[in-house]
Amino acid sequence: MFKAQYFHRLFVPRSMWNVWPQRIISRPYILLYIILSGGLLQAQENHPSPDSLIQAYFSRTGSYASIYTGKTSTPYDKRFENHPYFVTDKFTQGTLSYNHVIYKDILMRLDLYRNELDIYFPGTIYQIALEKEKVDYALLHDATIVTSIGANYSKNEYLVLLYDGMYPVIKKYTLKVREEINSYNEGLERSFNLNIQYDIYIDDTSYPIKNKKTVLKLFPDRRKELNDFARQNKLNFKKQAEQSMIALVKHYEYLQRIVP
């Protein structure tokens, strides 16, 4: 079995095997830089020292070094007819709160199929999947992306927070791979099928909602007032379901405040 203490031999020149300090190997961000610094390691006439690698790593990542510690994310098969990313497959600048530290102008892309938030490693072609348990939230494409709602929700998936009030509303994306044989050339066609689910959180418990009926069922004490509000404001739950459901929830919170 390949031993972990020899892992650095995959990336470090043979002449450095005996001098490569264990304290450096144990740091994932240094290993990551070793992988990404192929140009340095290939120059056999000028082997980089551990200290020079550390200096080069921090000169490239600056004060943002702590976020570039996840696993590298592999690209998808080019035969897919569509992409699995939130809004676009292009890396887009956004704000990231990671381990309670805020980082601005980070190039990010949310992978809905793998349920990963990828960031772009500066100056390279590599992308890194952030450690989900350390992600507090991300502001991307005018949306707030979170990993938990309330105290009882585990940080095991990315959610789009639509409304952050007394009763939070989220949007959940689920992707499945669809495969079929093309009758024309008998080739395999692959694509991602998207499913969207809306949830509302009441006392840290999530309840699925999809129309006016499902929202009213959760608030029976204000059913008449909410029905009147929907009619008076001409809420359209077929063409604008998302905005209409949030409007009902906001109005319920308003009614609770003025008439407890």
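The values are calculated or read from the model by the stated rules, or taken from the named source; none is laboratory data. Quick caveat: nothing in here was measured; it's all calculated off a predicted structure. Cβ atoms come from the backbone with ideal geometry, glycine included; neighbour counts cover every protein chain shown. All accessible areas refer to the heavy atoms of the entire protein, side chains included, with ligands and DNA or RNA removed. Shrake-Rupley method; radii C 1.70, N 1.55, O 1.52, S 1.80 Å.
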Filter result for the condition that a residue is of a type in the set (Asp, Glu), under 12 Å from the mean Cα position of the chain (by Cα), over 22 Å from residue 191 (Cβ atoms) and open to solvent by less than 70 Å² (accessible area, probe 1.4 Å), over 118, 111, 136: 136
Hits in region 205-246 - residues which are farther than 22 Å from residue 259 by Cβ, open to solvent by 70 Å² or more (accessible area, probe 1.4 Å) and assigned to a helix (DSSP H, G or I): 213, 243
Members of region 89-108 that are open to solvent by 30 Å² or more (accessible area, probe 1.4 Å) and touching a residue at least 12 places away in the same chain (Cβ under 8 Å): 89, 90, 91, 92, 93, 95, 99, 100, 101, 105, 107
Only one of 101, 160, 87 that is β-branched (Val, Ile, Thr) and either in contact with a helix residue (DSSP H, G or I) (Cβ under 8 Å, 6 or more places away or on another chain) or modelled with pLDDT under 95 (or both): 101
Which numbered condition residue 175 misses (of (1) within 30 Å of residue 255 (Cβ to Cβ); (2) surrounded by 15 or more Cβ atoms within 10 Å (Cβ to Cβ); (3) touching a residue at least 60 places away in the same chain (Cβ under 8 Å)): (1)
Criterion violated by residue 200 - all others in (1) farther than 26 Å from residue 112 by Cα; (2) touching a Phe, Trp or Tyr at 6+ places or on another chain (Cβ under 9 Å) satisfied: (1)
Strands (runs of 3 or more DSSP E) enclosed by region 66-169 - at least 2 residues per element that are among the basic types (Lys, Arg): 101-111
Qualifying residue in region 196-210 (condition: within 19 Å of residue 111 (Cβ to Cβ) and either of a type in the set (Val, Ile, Thr) or at pLDDT 95 or above (or both)): yes
Residue in region 247-260 that is farthest from residue 197 (Cα to Cα), counting only those that are open to solvent by 50 Å² or more (accessible area, probe 1.4 Å) and part of a helix (DSSP H, G or I): 258
